[in-house]
Amino acid sequence: MAVSLRRRSFLSVADLTPAEVEEVLRVTAEQKSGRVPAEQLSSIARGRNLAILFDKSSLRTRVGFEVAINQLGAHAVYLAPADIRLGEREPVRDVARVLGRMVDGIIARLSSHEYLHEFASSSGVPVINAMSNLEHPCQALADLMTIKERKGKLSEVELAWIGDGNNVCHSLLLIASMFGVRIRIATPATYEPRTEVLQAAAALAKASGAKITVWNDPQQAAAGADVIETDVWVSAGMEEQSRRRRLDFKGFQVNMELLKQAKPDAIVLHCLPAHRGEEIADEVMESEQCAAWEQAENRLHTQRALLSLIFS
């Protein structure tokens, strides 16, 4: 059966089947390789207008989407937090209804995952989750692409997540569980991934042969890993928790000592921005094992592939 994502929203990794994720990665590889001529690429979404609506600052997500939209022949309309004041100036559903009558799709980075669902149900056009408090599915696509490129496979790859069981961790858990990855999560106590996400990932793992382990020991999780991934300890909006979080996460830094526990050819991923000296050491970021820059570039390629399949 042919895979089609046309005019579909993408709010969670779980919105895609493994076959659909594989199709996104296939299109990503094809476009990234240069096998698709620029003229053909620029005709895929020609004439489309896509709104980019963010209530948080962004570098990789925004630039990746804007460049991808331009390369596909479409037009981006960027709406900054002050332009909308979502939920303050007018209800979410009203903003969604207006945008749905003017644009072909909405790319939204919103603090509230519930707002995303309201956009998807009210706008009448596809909505793409560019990050919410629950998930970061576009990041997960780039992570998986990077692992596949560097390791040549996904099944039985040993992946260690060190740090906060946050939105990035949630999406990585879900997508890696589809492909037989052996996932070890190491967080401080009370920072584990949400129970409902772990349950959903476990159901996917049952079908793929993936294995999920959750520990509170970073050394144990990193032992023999092919891939180590981390994220900031203090995300935007959590500044008032910064002192407590830095104390709670002491010992969870990805540094050269921790990296020695992994396989000699292990790679290190970070969704960025990195707080060097906190969750990751500067020498790890500058090491040959760090693949964060390829990972960041893959945000552009995977997001372009996703747009191609939804808006062609």
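The values are calculated or read from the model by the stated rules, or taken from the named source; none is laboratory data. None of these values were measured; they are calculated from a predicted model. Please note: Cβ atoms are built from the backbone with ideal geometry, for glycine as well, and neighbour counts cover all protein chains shown.
Listed values, structure above:
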item	result
Residues being assigned to a loop (DSSP other than H, G, I, E, B) and either surrounded by fewer than 21 Cβ atoms within 10 Å (Cβ to Cβ) or not hydrophobic (A, V, I, L, M, F, W, C) (or both) - total across the range 12-34	4
Hits in the range 107-119 - residues which are touching a helix residue (DSSP H, G or I) at 6+ places or on another chain (Cβ under 8 Å) and among the hydrophobic types (A, V, I, L, M, F, W, C)	Ile107, Ala108, Leu110, Phe119
Extreme residue, nearest to His270 (Cα to Cα), among residues of the range 45-80 that are of a type in the set (Phe, Trp, Tyr) and out of contact with any Asp or Glu (no Cβ under 8 Å at 6 or more places or on another chain)	Phe65
Scan of the range 47-67 for residues that are among the aromatic types (Phe, Trp, Tyr) and over 21 Å from Ala296 (Cβ atoms), ordered by number	none
Residues located in the range 177-189, provided they are outside any strand (DSSP E or B), within 18 Å of Val254 (Cβ to Cβ) and touching a strand residue (DSSP E or B) at 6+ places or on another chain (Cβ under 8 Å)	Thr187
Test: residue in the range 153-176 that is closer than 23 Å to His301 by Cα, assigned by TED's automatic domain parsing to the domain that holds Ile212 and among the charged types (D, E, K, R)	yes
Only one of Glu288, Glu278, Glu257, Glu294 that is surrounded by fewer than 21 Cβ atoms within 10 Å (Cβ to Cβ), in contact with a Ser or Thr (Cβ under 6 Å, 6 or more places away or on another chain), at pLDDT 95 or above and not small (Gly, Ala, Ser)	Glu294
Residue among Ala266, Ala225 that alone is touching a Lys or Arg at 6+ places or on another chain (Cβ under 9 Å) and either within 22 Å of Leu144 (Cβ to Cβ) or modelled with pLDDT under 95 (or both)	Ala225
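Okay, residues lined up against (1) over 17 Å from Arg8 (Cβ atoms); (2) among the basic types (Lys, Arg); (3) surrounded by 23 or more Cβ atoms within 10 Å (Cβ to Cβ):
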site: Ser112; (1), (2), (3): yes, no, no
site: Asn129; (1), (2), (3): no, no, yes
site: Leu134; (1), (2), (3): yes, no, no
site: Leu141; (1), (2), (3): no, no, yes
site: Leu159; (1), (2), (3): yes, no, yes
site: Val181; (1), (2), (3): yes, no, yes
site: Ile185; (1), (2), (3): yes, no, yes
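The rows are residues; the columns are (1) assigned to a strand (DSSP E or B); (2) of a type outside the set (Lys, Arg); (3) on the phi > 0 side of the Ramachandran plot.
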position	(1), (2), (3)
Val197	no, yes, no
Gln219	no, yes, no
Gly224	no, yes, yes
Ile228	yes, yes, no
Ser235	no, yes, no
